[in-house]
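Only one structure is covered here, and it is reproduced in the block below.
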Amino acid sequence: MMAPGCVSVASAGVVAADLLVEACRSGPEDDLRLETVRGLATDLGRRLASLAETADGTSDSTIEAALACADLATLAVCNVPGLPKGGRALGAAATHLAAGVTHALLELVENAGAVDPHAENVSRDARSAGWKADLAVRQLGELG
């Protein structure tokens, strides 16, 4: 069973996606790279919104949301240097928020006892999400 609060925590990932979309809007409308990042962030935001709305009470949907947030953190940090100066702080905020949501979701699942330690795929996905989120934050720190 999913721990209480997972849906609202997953919804915070939508906010992170919105921050990245807004960061991309701070640049020229005809910038293809920014348009692509904006589209990817919008897609991840929709996916997270869908997961938050249709949470079925399993750890699988929560881990899936954690993976989507980790992907969002990675997308954000990889594009912070290329964002217009006015959007870089929003891109950095999106990175931190998405990484934080990833860890919050993983913590809720772990503390609810929802992850079977013998469920190899779920465990591997959880480790992967945490690793990606940590890497995104480290990379952001290296950008200075």
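Restricting the calculation to Cα atoms, the stretch 9-142 yields a radius of gyration followed by a Dmax of 14.8, 49 Å. Each stretch of four or more DSSP H residues adds -39500 (n - 2.57); spread over every residue of the chain, this sum gives -27500 deg cm²/dmol at 222 nm.
Between helix 120-143 and the chain there is an angle of about 30 degrees, using the helix long axis and the longest principal axis of the Cα atoms. Annotation: Leu40 carries an accessible surface of approximately 80 Å², with a 1.4 Å probe and no ligand, DNA or RNA atoms counted. Rounded to the nearest whole Hz, the Karplus-based 3J(HN,Hα) values (6.51 cos²θ - 1.76 cosθ + 1.60, θ = phi - 60°) of the stretch 40-47 follow the sequence 5, 5, 4, 4, 5, x, 5, 4, with x at glycine and proline.
Each residue, Ser123 and Asn111, gets one label point 7 Å from its Cα in the Cβ direction; the gap between the two is 2.2 nm.
Taking each residue as 0.36 nm, the span from Thr54 to Ser26 lengthens on full extension beyond its C-alpha to C-alpha distance by 6.9 nm. Here each label is just a point 7 Å from Cα along the line to Cβ, and for Leu135 and Cys78 those points are 1.0 nm apart. Give me the angle, in degrees from 0 to 90, between the Cα long axis of helix 59-79 and the longest principal axis of the Cα atoms of the chain, rounded to the nearest 10. Long axis of 59-79 versus the principal axis of the chain: about 20 degrees.
The values are calculated or read from the model by the stated rules, or taken from the named source; none is laboratory data. Source: prediction; values computed, not measured. Because the Cβ atoms are built from the backbone with ideal geometry, glycine has one as well, and the counts that use them run over all protein chains shown. Side chains are part of the model used for accessible areas, which takes the heavy atoms of the whole protein and leaves out ligands, DNA and RNA. Shrake-Rupley method; radii C 1.70, N 1.55, O 1.52, S 1.80 Å.
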